[in-house]
1. Restricting region 50-66 to residues that are surrounded by 11 or more Cβ atoms within 10 Å (Cβ to Cβ) and either closer than 16 Å to residue 109 by Cβ or over 40 Å from the mean Cα position of the chain (by Cα) (or both), which is modelled with the lowest pLDDT?
2. Inspect all residues belonging to region 17-25 and state whether any of them is exposed (fewer than 12 other Cβ atoms within 10 Å of the Cβ) and either farther than 21 Å from residue 113 by Cα or polar (S, T, N, Q) (or both).
3. Can you tell me how many residues in region 409-424 are surrounded by fewer than 16 Cβ atoms within 10 Å (Cβ to Cβ) and either among the basic types (Lys, Arg) or part of a helix (DSSP H, G or I) (or both)?
4. Can you name the condition, by its number, that residue 41 falls short on among (1) touching a strand residue (DSSP E or B) at 6+ places or on another chain (Cβ under 9 Å); (2) hydroxyl-bearing (Ser, Thr, Tyr); (3) closer than 20 Å to residue 118 by Cβ; (4) not in a helix (DSSP H, G or I)?
5. Please go through region 99-129 and give me each residue that is assigned to a loop (DSSP other than H, G, I, E, B) and out of contact with any strand residue (DSSP E or B) (no Cβ under 8 Å at 6 or more places or on another chain), ordered by number.
6. Taking region 379-397, which residues are of a type outside the set (Asp, Glu) and either in the same structural domain as residue 473 (by TED's automatic domain parsing) or surrounded by 16 or more Cβ atoms within 10 Å (Cβ to Cβ) (or both)?
7. Tell me the residue from 425, 418, 395 that is hydrophobic (A, V, I, L, M, F, W, C) and more than 22 Å from residue 271 (Cβ to Cβ), please.
Amino acid sequence: MIGYSDQIRGYIQSFCKLFYLGTANHKLVVRKCVEIASEFSMDVYLYNLGEGLRRPGQGKPKDATIDPLEVLNRILNTSFEPFAGKRKLYILEHFDLLLENRDPFLLTRLRLIADAESNTYSVILMGKDSFRVPETIRDIPQVLASALLPDEIGEIIGHCRENLPAMEKQALAANLQGLTSLQCEDLLALSLATRNGLDPEFIRVQRARLLSQHAGKVIQLYEPLGNLDEVGGLGALKDWLIKRGRFFHAQAGGQGSNAPQPKGVLLTGPPGCGKSHLVRALAGSWGVNLIRLEPARLFRSFVGETEQNFLSAFETVKTLAPAILWIDELEKLFAYGADHSGDGGVLSRVLSLFLDFLQSRRGGVFVCATTNAIAGLPQEILRPGRFDAVFFIDLPSGKEREHIFTILFRKYGLAGKLECSEDLLNATGDFSGAEMEQAIIDMLYEAGETAFQNEFTLLRNIRKIVPLARTMKENFDLMRRWYRSRTRAASIEDGEEKGRRKTCPISPR
């Protein structure tokens with residue numbers, strides 16, 4: 001893939017007269033443009049509304065009061081002058097603010113600049129990377145310099161603190177990934193001022209806050225929880241994820257492979273069976289960023305704001321690759337059961353954006369979506385190619401409950417005090433993992449003293465809980481019949497447990 005510096009160099013070298021350069025790293029990209037212009041021995045002129053027309057490195061502006069129309073007129077006049085001496089590069093900074101007004105006088109002059117038969121100049125219109133160029137000049141080339149490259153982040157760190165060990169600089173660069181150059185500089189300075197040094201953990205936490213604010217709090221960075229070894233059961237699903245993880249890391253690291261990079265997985269099943277826990281453990285196993293999409297924050301009342309939230313969130317997620325994008329309770333994002341005839345087509349457009357994202361090559365972003373009601377999702381999402389697979393996570397089998405109890409006893413400091421007995425397994429026949437954990441927590445609260453943290457006390461608390469599988473038995477029966485022929489099973493069940501579930505979906509009590 002050609003970097004933005006090479007694209008700029010190519011357009012200047014090919015005598016392109018006008019192109020748009022979108023970036024959030026204004027100062028850094030201006031410096032790159034000036035460096036590229038020097039390769040072609042060009043005279044460089046910078047212009048913005050605040051400082052007027054000036055030459056780089058000059059303390060006093062050439063003309064601080066000149067208006068943008070006059071600047072464009074001067075550029076046009078060079079088209080009629082006989083070429084003598086150096087070519088000129090004009091960098092018109094923050095010009096998206098002027099283009100937003102769709103001023104016909106401004107757009108007409110830009111059109112004339114683009115169409116002029118001249119090789120004496122090149123003009124760069126600089127603005128934000130998400131800006132939509134007006135129709136009048138939309139056919140001009142557009143270059144996006146959205147995310148900072150690792151080398152550019154390393155350069156910023158080097159200016160802040162010289163002679164850092166390579167490993168330390170690499171760790172800091174990872175914690176600054178996804179930020180703009182100004183945010184990197186400010187965050188490094190803040191760490192030096194408040195932490196008396198470059199504190200990677202402080203920088204990581206502050207980066208998460210900044211990214212969340214940038215995306216309108218539509219996305220949040222989450223901490224991974226352990227790894228897949230700390231997830232009870234779900235052997236088939238974990239094996240599938242481990243195999244895909246090898247390809248994910250190979251592709252993210254730029255290593256060639258005939259297989260495409262894994263896109264994602266959709267997890268469905270009853271509440272409390274470990275879907276969300278597995279996603280957080282997967283991020284820990286793969287050692288990547290975990291980003292959660294907050295559907296409730298996406299929708300806004302103003303026209304186009306919801307769609308812009310989606311685009312902004314997805315662009316931010318891509319800058320944090322390699323990463324897992326976690327979308328919890330996906331059915332709430334596309335609640336097709338309600339009447340959406342009065343939403344102005346917002347939900348339809350959001351669905352289209354989401355499908356485009358799922359189908360696109362997104363370079364190191366693996367989507368993990370969870371749902372408790374897969375039948376409520378639009379059919380387009382379930383089409384092969386959106387997700388690599390759809391897995392059903394059922395209530396844990398006997399062997400899985402034994403594994404879960406072992407993990408929970410270790411988690412709550414009960415290993416060696418309690419063992420997973422046959423009585424515990426029989427008592428939790430229709431429990432989810434979350435309900436098993438709640439029984440242990442209740443025991444810790446009620447038992448108080450260590451002497452009362454025993455199997456008898458735990459069994460007493462288990463019997464107080466009415467599991468959801470019993471409360472909503474009919475729904476669970478229906479759910480299993482529907483999923484059995486439409487999804488993959490996440491568990492490798494033993495024969496006895498599998499046979500029991502075929503004849504009686506919910507264990508009798």
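The values are calculated or read from the model by the stated rules, or taken from the named source; none is laboratory data. The structure displayed is predicted, hence computed values, not measured ones. Here Cβ is always computed from backbone atoms with ideal geometry, including for glycine, and neighbour counts include all displayed protein chains.
1. Of the residues in region 50-66, the ones surrounded by 11 or more Cβ atoms within 10 Å (Cβ to Cβ) are 51-56, 61-64, 66.
Restricting the remaining residues to those that are either closer than 16 Å to residue 109 by Cβ or over 40 Å from the mean Cα position of the chain (by Cα) (or both) gives 53, 61-64, 66.
On the way: 53: 92, 61: 70, 62: 67, 63: 72, 64: 74, 66: 89.
It comes out as 62.
2. We begin by selecting, within region 17-25, every residue exposed (fewer than 12 other Cβ atoms within 10 Å of the Cβ); these are none.
No; the residues of region 17-25 include none that is exposed (fewer than 12 other Cβ atoms within 10 Å of the Cβ) and either farther than 21 Å from residue 113 by Cα or polar (S, T, N, Q) (or both).
3. 5
4. Result: residue 41 fails condition (1) only.
5. Passing the criteria: 100, 101, 102, 103, 116, 117, 118, 119.
6. The answer is 381, 386, 387, 389, 390, 391, 392, 393, 395, 396, 397.
7. 418
For every residue, the table says whether it meets (1) among the β-branched types (Val, Ile, Thr); (2) touching a residue at least 24 places away in the same chain (Cβ under 8 Å); (3) within 22 Å of residue 151 (Cβ to Cβ); (4) in a helix (DSSP H, G or I).
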position: 8; (1), (2), (3), (4): yes, yes, yes, yes
position: 30; (1), (2), (3), (4): yes, yes, yes, yes
position: 35; (1), (2), (3), (4): no, no, yes, yes
position: 45; (1), (2), (3), (4): no, yes, no, no
position: 57; (1), (2), (3), (4): no, no, no, no
position: 60; (1), (2), (3), (4): no, no, no, no
